[in-house]
Amino acid sequence: MSDIEEGVSRHYSAYDVLPRIRAGLQAMGRDPDHVEPGDLKLVDEFHIGGAEATAALLSELEIKPGMDVLDIGCGIGGPARTIALEKKANVTGVDLTPDFVEAASTLSSMAGMGDRVVFRVGSALDLPFADASFDFATLLHVGMNIADKLKLFQEAHRVLRPAGVFAVYEVMRTGDGTLAFPVPWAEREELSALAAPDAYRDAAAKAGFRLDGETDRRPMALDFFHRIRAQAAGAKPSPLGLHLLMGPTVGQKMANMIDAIKAGTIAPVQMIFRKA
């Protein structure tokens, strides 16, 4: 494991996620051992736009029942569970952080989906799967922690079957300006591997992908954060939410990210690639 991978794993494993989620569910009057998948949506979609962004991405993908899907950097498993439920696909999630993989498996069992999704510890730069194992692969807010974009795309290309699709939804550098830290994906600048859209396009082309579609999701992000702030104004914080995954600096992390999106320095960008 590289130095940046070790730092990233420590960053995401620092906050004792699973016990905090169980406590949050109990505080909301839910039985932590018997929840509906929808009960977890406040906390298990760790990317800008949450479940809305996942739905927007999936609407662009022709995933059919029985297909094999890999979620790279699966976190605690929200998108993987959504794909398994909505698309009736066979979904595998892989993540660098053992605590996240444990939480993903446990939460899936709590939601009655323990036999619908599989989670494994592994690096996006050395995927623990055979060649041509999957029809689709997804990457949601993971590349900001991976400096070697070419190796990332080469590994995705390797595990996809012919004409397989790689769906990417990432925060990218879209303008000038200094990004203040901490942000949700990095406490310190040395743990961030933010890159411009060209870096993703170039790495994908070199790995053997063609770009089938690209969408700037900055307007969606600004609307999403506006609605979240309006809903939160004067309200008591929910005991279950993404703050459980970001630790005590969550307020500063979110403020820095939103300020950078407003300034045009960064934006979430969706790209759909196909294995040529």
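Coordinate-derived values only; no laboratory data. Worth saying up front: this structure is predicted, and the values here are computed from it rather than measured. Don't worry about glycine lacking a Cβ; one is built from the backbone with ideal geometry, like all the others, and counts go over all protein chains shown.
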Next item on the list: Add +1 for every Lys or Arg and -1 for every Asp or Glu among the other residues with Cβ under 15 Å from the Cβ of T106, and state the total.
Entry: -3
Check: Do you know the relative contact order of the range 3-275, to the nearest whole percent, from alpha carbon pairs under 8 angstrom that are 6+ apart?
Finding: 22 percent
Next item on the list: Multiply the residue gap between R161 and D176 by 0.36 nm, knock off their C-alpha separation, and tell me the result in nm, one decimal place.
Entry: 1.6 nm
Item checked: J(HN,Hα) series, the range 214-229, from Karplus relation 6.51 cos²θ - 1.76 cosθ + 1.60, nearest Hz, glycine and proline x -> 8, 9, 7, 9, 4, x, 4, 5, 5, 5, 4, 5, 4, 5, 4, 5
Check: Using a simple charge model, +1 on the beta-carbon of Lys and Arg, -1 on the beta-carbon of Asp and Glu, nothing else, what dipole does the range 134-276 show about its Cα centre, in debye to the nearest 20?
Finding: 300 debye
Check: Using a simple charge model, +1 on the beta-carbon of Lys and Arg, -1 on the beta-carbon of Asp and Glu, nothing else, what dipole does the range 20-112 show about its Cα centre, in debye to the nearest 20?
Finding: 120 debye
Checklist line | the range 1-137: relative contact order as a whole-number percent, Cα under 8 Å and 6+ apart | finding: 26 percent
Next item on the list: Hey, can you grab everything whose amide H is under 5 Å from the amide H of D71? Only 5+ residues off in sequence or another chain; H modelled, so Pro and N-termini drop out.
Entry: T92, G93, V94, T138
Next item on the list: Choose one of V168, A111, S59: the residue whose Cα lies farthest towards the positive end of the charge dipole of the chain (beta-carbon charges +1 Lys, Arg; -1 Asp, Glu; about the Cα centre).
Entry: S59
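Restricting to the range 50-205, what percent of DSSP beta bridges are antiparallel, rounded to 5?
10 percent
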Notebook entry, point to check: Mind checking the dipole of the range 3-275: about its Cα centre, +1 per Lys or Arg Cβ, -1 per Asp or Glu Cβ, Debye to the nearest 20?
Noted result: 460 debye
Note to self: I need to check one value: relative contact order of the range 199-276, counting alpha carbon pairs closer than 8 Å and at least 6 residues apart, in percent.
What the structure shows: 64 percent
Checklist line | Under Karplus coefficients 6.51, -1.76 and 1.60, residue-wise ³J(HN,Hα) of the range 128-143 in Hz, glycine/proline x | finding: x, 9, 6, 4, 6, 9, 9, 8, 9, 9, 10, 9, 10, 6, 10, x
Margin query: Given points 7 Å out from each Cα along the Cα-Cβ axis, report the L211 to A147 separation in nanometres with one decimal.
Written below: 2.5 nm
Margin query: Quick check on the chain: of the DSSP beta bridges with both residues there, what percent are antiparallel, nearest 5%?
Written below: 45 percent
Note to self: With a cap of 12 neighbouring Cβ atoms within 10 Å, and only residues DSSP puts in a loop, list the trypsin sites (Lys or Arg not before Pro) found in the range 153-253.
What the structure shows: R188
